[in-house]
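Chemist: One structure follows; several queries about it will come next.
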Amino acid sequence: MFTNLNRMLHFAFNDFSRNKGISIASVFILTVITMLATSLLFFGGVSDYLILQIQDKIDVTAYFTEETEEKDILIVRDEIVKLEVVKDVFYVSKESALENFKNKYKGNEVFEKALLEVGGNPFLPSLNIKTNGDPLEYQEVANILAQEKFVDLIEKVDFSEKKDIINTVFSIRSAVIRTGLILGLILVFIAILVVFNTIKLTVDSFKDEISTMRIVGATNWFIRGPFIIQGLIYGLISFIICFVISILSFHLLSNKISLILPGFNSFDYFVSNIWMFVALQIVFGVGVSIISSFIAVRRHLKV
């Protein structure tokens with residue numbers, strides 16, 4: 001068993017070194033494809049981060065009438081917060097709303113003048129309600145607030161005004177996921193073609209030797225072995241190169257990316273999801289190479 005394994009390894013490494021041009025070209029193309037797949041995974045993480053940032057800023061606000069007492073608003077809050085779809089509920093009094101407005105537009109003469117002209121406190125007490133971000137969850141909250149028992153208390157609910165924004169965010173997220181899957185499948189297909197054709201060229205050059213092996217009784221696995229190992233070598237080298245490039249790239253670019261995306265650190269994201277990146281690179285680098293090699297050599301076993 002070990003003798004056969006040593007022979008297969010010997011044949012595989014000999015052919016790899018003998019066809020340096022083809023081997024280097026195959027490793028290079030595999031590396032580029034694997035890096036593109038890695039970039040897709042990273043940009044998927046960036047898009048998730050951006051969408052989460054937007055979702056955190058989206059809420060449904062229920063504005064109460066001026067006559068509604070604070071105790072009644074808190075009763076509504078306690079009822080809403082019990083809903084499974086609700087993540088947080090914040091009560092904002094008239095006074096707090098006015099203070100927040102003044103702080104936000106401090107120094108803005110237009111808004112300050114408008115507030116003086118209105119006179120008094122034009123703001124209504126409200127509840128800011130956050131869910132996990134699903135449009136259906138916001139719709140459920142809006143439906144509950146529209147119940148008859150709340151009609152006399154609530155002036156308006158701004159869900160209809162934010163509905164389009166919420167739906168757009170989720171449409172973008174779905175589009176990003178679909179695009180990533182499609183591009184990922186395209187990259188897998190290209191990687192399979194590259195390794196398949198490389199191994200096929202090698203197999204074709206050894207066609208007579210394969211026929212001879214079959215005549216003398218060599219097993220299918222003994223014939224397949226060197227070519228599959230050769231594909232494995234391509235994959236391992238491309239995986240190692242990609243992994244090193246990923247570490248260096250995410251580390252060196254982390255500060256620049258943080259300037260564009262405050263709060264997002266590319267290197268921290270890579271480290272926290274390192275096994276996902278490793279799995280992806282192994283699938284593209286090693287898995288695809290082995291499968292392609294197996295397919296390429298299979299038809300010659302019938303010779």
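The values are calculated or read from the model by the stated rules, or taken from the named source; none is laboratory data. In this text, all values refer to a predicted model and were calculated from it rather than measured experimentally. So basically every Cβ, Gly included, is an ideal-geometry build from the backbone, and we count neighbours across all protein chains shown.
Chemist: Identify, from the list GLN281, GLN230, the residue that is within 16 Å of MET35 (Cβ to Cβ), part of a helix (DSSP H, G or I) and either touching a strand residue (DSSP E or B) at 6+ places or on another chain (Cβ under 6 Å) or among the polar types (S, T, N, Q) (or both). Quick ask: steps written out before the conclusion?
Modeler: Working: GLN230 fails: within 16 Å of MET35 (Cβ to Cβ).
Result: GLN281 is the single residue among GLN281, GLN230 that is within 16 Å of MET35 (Cβ to Cβ), part of a helix (DSSP H, G or I) and either touching a strand residue (DSSP E or B) at 6+ places or on another chain (Cβ under 6 Å) or among the polar types (S, T, N, Q) (or both).
Chemist: Output the number of the condition that ASN103 fails; it satisfies all remaining conditions of (1) surrounded by 13 or more Cβ atoms within 10 Å (Cβ to Cβ); (2) part of a helix (DSSP H, G or I).
Modeler: Single failed check for ASN103: (1).
Chemist: Hey, can you tell me all the residues within region 85-118 that are charged (D, E, K, R) and either without any contact (Cβ under 8 Å) to a residue 24 or more places away in the chain or over 24 Å from THR65 (Cβ atoms) (or both)? Spell out how you get there, then give the answer.
Modeler: At the first step, the residues of region 85-118 found to be charged (D, E, K, R) are 87-88, 94-95, 99, 102, 104, 106, 109, 112-113, 117.
Residues satisfying the conditions are LYS87, GLU99, LYS102, LYS104, LYS106, GLU109, GLU112, LYS113, GLU117.
Chemist: Now a separate question. Please determine, by comparing only the residues of region 250-303 that are of a type in the set (D, E, K, R) and farther than 30 Å from THR212 by Cβ, which one is surrounded by the fewest Cβ atoms within 10 Å (Cβ to Cβ).
Modeler: First pass over region 250-303, keeping only residues of a type in the set (D, E, K, R): 256, 268, 298-299, 302.
After this cut, where a residue has to be farther than 30 Å from THR212 by Cβ as well, the list is 256, 268.
Details: LYS256: 10, ASP268: 12.
That would be LYS256.
Chemist: I'd like to verify a number: residues in region 121-145 that are in a loop (DSSP other than H, G, I, E, B) and under 27 Å from ASN100 (Cα atoms), how many?
Modeler: Qualifying residue count for the region: 7.
Chemist: Where residues in region 119-152 are exposed (fewer than 12 other Cβ atoms within 10 Å of the Cβ) and closer than 18 Å to THR65 by Cβ, which of them is nearest to the chain's Cα centre (by Cα)? Walk me through how you get there before you give the answer.
Modeler: Our first condition is that a residue be exposed (fewer than 12 other Cβ atoms within 10 Å of the Cβ); within region 119-152, this holds for 119-120, 132, 136, 143, 147-149, 151-152.
Narrowing the set further to residues that are closer than 18 Å to THR65 by Cβ leaves 120, 147-149, 151-152.
Details: GLY120: 49, GLN147: 39, GLU148: 42, LYS149: 43, VAL151: 42, ASP152: 45 Å.
Among them, the one singled out is GLN147.
Chemist: For PHE264, work out the one condition from (1) in a helix (DSSP H, G or I); (2) under 30 Å from SER47 (Cα atoms) it doesn't fulfil.
Modeler: Of the numbered conditions (1) in a helix (DSSP H, G or I); (2) under 30 Å from SER47 (Cα atoms), the odd one out for PHE264 is (1).
Chemist: Another question, then. Which pairs turn up if I take residues in region 171-191 that are in the same structural domain as GLY287 (by TED's automatic domain parsing) and look for partners that are surrounded by fewer than 16 Cβ atoms within 10 Å (Cβ to Cβ) with beta carbon separation below 8 Å, at least 6 apart in sequence or on another chain?
Modeler: ARG173/ASP48; GLY180/PHE43
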